[in-house]
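Enquirer: Before I ask anything, let me first share the structure, which is written out below as structure tokens.
Just so you know, all these numbers are worked out from the coordinates, no wet-lab data involved. From a predicted model like this one, the values you see are computed outputs, not experimental measurements. All Cβ positions, glycine included, derive from the backbone under ideal geometry; neighbour counts span all protein chains shown.
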């Protein structure tokens, strides 16, 4: 018997300009590497690729941590890998929650029987070192978890002083760098971060599917001192690191082609240079902000902690969130993000991440947004946004 | 400061013929789909791709199960997704262990506080329905887990009668179909399997990175009746299914390009037709066996439960396992697998999976193996293996 099945048409994605909270645009050379012929997961060639991925990740994390690799899942798998390896049932974690991803970290920890204490700031705000010192003294946790770049709100958390407070209290510092890595400094060693996870589809501009993680020797010692097995077999770093390390012991089959893609994405980051890349992200953020302000659109986050790669802005009164985002997608192929949680319908999240952090993206977006807003009856001075951004670029960029 | 980094060379994999236990060769059209431009994980186009992946997976699993999708990790993540969603702490699972992957399932379940009872058969053997009935009566588990196609041993487990016994005992049947799906019948509905997981890099011939899973309504009811949260946030099907289902609620960012690749791989399966595909796998297995027997190499598994896609054979006495596999890889680019666990150094595992199940692969492999064996001083009748396989094809294949 032959199975009857109406075949679906082959993959042919529409043309998109990705300016949401991730994924970001992917370079053609990364897509080509992703589509390179598959080899075995223990092939000498693939083992070399794994070594090189680790080496490049260390540079991008600004660390010498031996245990630095790409977890075989998306950013949330990296979060879970860090949480479940650092914590045993009954261990205490303090999570600093000021957005969706802090809350997620608390949820992940609670599921494995950790004692979870959360401190909260409203969405869009960040934590002071005093607040962190207070909770450390009161709770004496094993781990303090905090988000460097809150993708749900656009807020940037400074970490250096908090790290000192955490280590003063003899705790481990776990940091979510999903959105920051590759777009702003993430100085693992200088800031003395014990564990951090990221995603590939933000400022690294590789498709989603892997999660770069890094662990300090202090974190490794804590994991080595565990009395119980890690709750997740798939994410158990004691086995994962044998596969990525010298013993090459088979654990699971790594996503081979995803690692090919990540390898090329990391090459592009290093080819540009870290500082150049941070400057580019910051410049395009400033240009976008100048343009948006010129048409009366304000940022949702205070000036001193705005993320360069994720611009959260207030949707103007009377403007229909879904209608404008729908038009941007339909007429221009531009994707931006809506608000998450309590910010749903109130903010737009405009990503300028990795390959998507370009003056061309900023100018096109301002022009497209103007058209959509005018169409919706919003009052603005036609051309003012693009003119302001152009003026910013003209006066700050020297060829 | 500009970061100094010696750039690694770009991705350029060597030419390989993948005849190990997976990954298998990937069709050019699948690699092309994998490298298609990335779109957002909530893009209407990607949501349509997800629907189509689910639809095609149902056909390939021979099921109408609503909850059928691709977990965002490799096969072991699918195993963990099934185990941790079906079981709560204190729930009892019986695992039938006759290889590495049964043992892994037991490990996964033990980590979340399930009560794990294992019954064992030596590597390479399979379970009788009587053994299963005995353990069910004695243990009265919530779930019985068993491996359909043991990748570590090459043994095929028949399931229909075992399924009847499991349901007679009011338990749920969980089946590992990582290696079988797409290469031999996996009849979820007809055999009344409650939960099953697979991998993409075996007989579906997509690179590793996703794990197709399917759950019966009985399994879904058991998950809905849970009193505790699933131990893994990333793999919690109550949230994952909202993203894949009608509500499209954001959970994690799916590996978008991996799903593009899987979509095309599933299209190729359906284009060929399931029965044609099963026949092809069986025919190439028979041809390989005929050829190997002609040069004195015997299968490690009894005739009545040999897998068509994974041929485990005894390494002849005095032949150096690693040397021969090394030569196959170096001289011919052919990858085959060594033995796992107690079979290390004793068996080779020769995969004929998906795109790798071809007469060209069988003939090339026999020729290459002959050269390597003769080089190593092994006595054989030169040309006998290829001649026997050719004879098999000539007399059984009609154009």
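Enquirer: Suppose R0 equals 45 Å. What FRET efficiency, 1/(1 + (r/R0)^6) with r the Cβ-Cβ distance, do residue A:303 and residue A:375 give to the nearest 0.05? Please report the intermediate quantities before stating the final value.
Expert: On the way: r = 30 Å, r/R0 = 0.67.
The formula returns an efficiency of 0.90 here.
Enquirer: What does the structure give for B:68-78 when I average, per residue, the other chain Cβ atoms found within 10 Å of the residue Cβ?
Expert: Counting other chains' Cβ atoms within 10 Å and averaging over B:68-78 gives 4.
Enquirer: Measuring from label point to label point, each 7 Å out along Cα→Cβ, what is the residue B:330 to residue B:137 span in nm?
Expert: 5.8 nm
Enquirer: For the Cα atoms of chain A, what angle does the longest principal axis make with the long axis of helix A:100-111, in degrees from 0 to 90, nearest 10?
Expert: Computed tilt is about 20 degrees.
Enquirer: Nearest 10 degrees is fine. How inclined is helix A:75-86 to the longest principal axis of chain A, computing both from alpha carbons?
Expert: It is inclined by approximately 30 degrees.
Enquirer: Considering only chain A, pick the residue with its Cβ nearest the axis of the rotation onto chain B, and state the distance in whole Å.
Expert: Nearest Cβ to that rotation axis, in whole Å: A:35, 2.
Enquirer: Any chance you could give the angle, 0 to 90 degrees and rounded to 10, that helix A:384-396 forms with the longest Cα principal axis of chain A?
Expert: For A:384-396 against chain A, the angle is about 60 degrees.
Enquirer: Just need the relative contact order of segment B:204-273 here, percent rounded to a whole number, with Cα pairs under 8 Å and 6+ apart.
Expert: 45 percent
Enquirer: So what is the relative contact order for segment A:28-270, in percent, with contacts set as C-alpha pairs under 8 Å and at least six apart?
Expert: 29 percent
Enquirer: Bin width 10 Å, origin at 0, all Cα-Cα pairs of the protein assembly as shown: what percent of pairs per bin?
Expert: Bin by bin from 0 Å, the calculated values are 3, 14, 23, 25, 19, 10, 5, 2, 0.
Enquirer: What order, most packed first, do the peptides B:19-28, B:193-202, A:76-85 have when packing is the mean number of other Cβ atoms within 10 Å of each residue?
Expert: B:193-202, A:76-85, B:19-28
Enquirer: Continuing with the same structure: Suppose the chain between residue A:168 and residue A:323 were pulled fully straight at 0.36 nm per residue; how much longer would it get relative to their current alpha carbon spacing?
Expert: Between residue A:168 and residue A:323, full extension yields an extra 50.8 nm.
Enquirer: I've got another one for you. Quick one: compute the contact order of segment B:83-125, relative version, from alpha carbon pairs under 8 angstrom and 6+ residues apart, as a percent. It would help to have the intermediate numbers written out before the result.
Expert: Working: 67 pairs, mean separation 20.7, N = 43.
Computed value for segment B:83-125: 48 percent relative contact order.
Enquirer: Sort shortest first the distances from residue A:276 to its counterpart in every other copy, using label points 7 Å along the Cα-to-beta-carbon line, and give them in nm.
Expert: Label-point separations across copies, in nm and ascending: 5.1.
Enquirer: Going from the alpha-carbon gyration tensor of chain B, what semi-axes, largest first and in whole Å, does one get by taking the root of 5 times each eigenvalue?
Expert: 35, 27, 20
Enquirer: Now for a different question. Between residue B:242 and residue B:218, take the C-beta separation as r, use R0 = 25 Å, and let me know the FRET efficiency to the nearest 0.05.
Expert: Details: r = 20 Å, r/R0 = 0.81.
After rounding, the FRET efficiency stands at 0.75.
Enquirer: In whole angstrom, how far apart do the alpha carbon centroids of segment B:238-310 and segment A:364-399 sit?
Expert: 52 Å
Enquirer: Beyond 28 Å, what share of the Cα-Cα pairs of segment A:130-269 is found? Please give it as a whole percent.
Expert: Taking all Cα-Cα pairs of segment A:130-269, the fraction more than 28 Å apart is 24 percent.
Enquirer: Turning to a different aspect of this structure: So how do B:347-360, B:210-223, B:146-159 stack up, highest first, on mean other-Cβ count within 10 Å?
Expert: In descending order of packing, they fall as B:146-159, B:347-360, B:210-223.
Enquirer: Same structure again: Quantify how strongly other chains surround peptide A:261-273 by giving the mean number of their Cβ atoms within 10 Å of each of its Cβ atoms.
Expert: 3
Enquirer: Across peptide A:233-239, what mean number of C-beta atoms from other chains lies inside 10 Å of a residue's C-beta?
Expert: 5
Enquirer: Shifting gears a bit: Residue A:28 versus residue B:314, label points 7 Å from Cα toward the beta carbon: distance in nm?
Expert: 5.7 nm
Enquirer: Moving on. Could you work out the helix-only [θ] at 222 nm for the protein assembly as shown, with each DSSP H run of four or more residues adding -39,500 (n - 2.57) and the total divided by the number of residues, to the nearest 500 deg cm²/dmol?
Expert: For the protein assembly as shown, the value works out to -13000 deg cm²/dmol.
Enquirer: Using only the alpha-carbon atoms of segment B:274-396, report the extent along each of the three principal axes, biggest first, to the nearest angstrom.
Expert: Between the extreme Cα coordinates on each principal axis of segment B:274-396 lie 39, 33, 26 Å.
Enquirer: Please report A:305, A:41 as a ranked list, fewest other C-beta atoms within 10 angstrom at the top and most at the bottom.
Expert: Least crowded to most crowded, the residues run A:305, A:41.
Enquirer: Let me ask something else about it. Along Cα-to-Cβ, 7 Å out, sits the label point; list in nm, shortest first, how far the one on residue B:130 is from those in the other copies.
Expert: In ascending order, 7.8 nm.
Enquirer: Using a label position 7 Å from Cα in the Cα→Cβ direction, what is the ascending list of nm distances from residue A:303 to the same site in the other copies?
Expert: Result for residue A:303, in nm, nearest copy first: 8.6.
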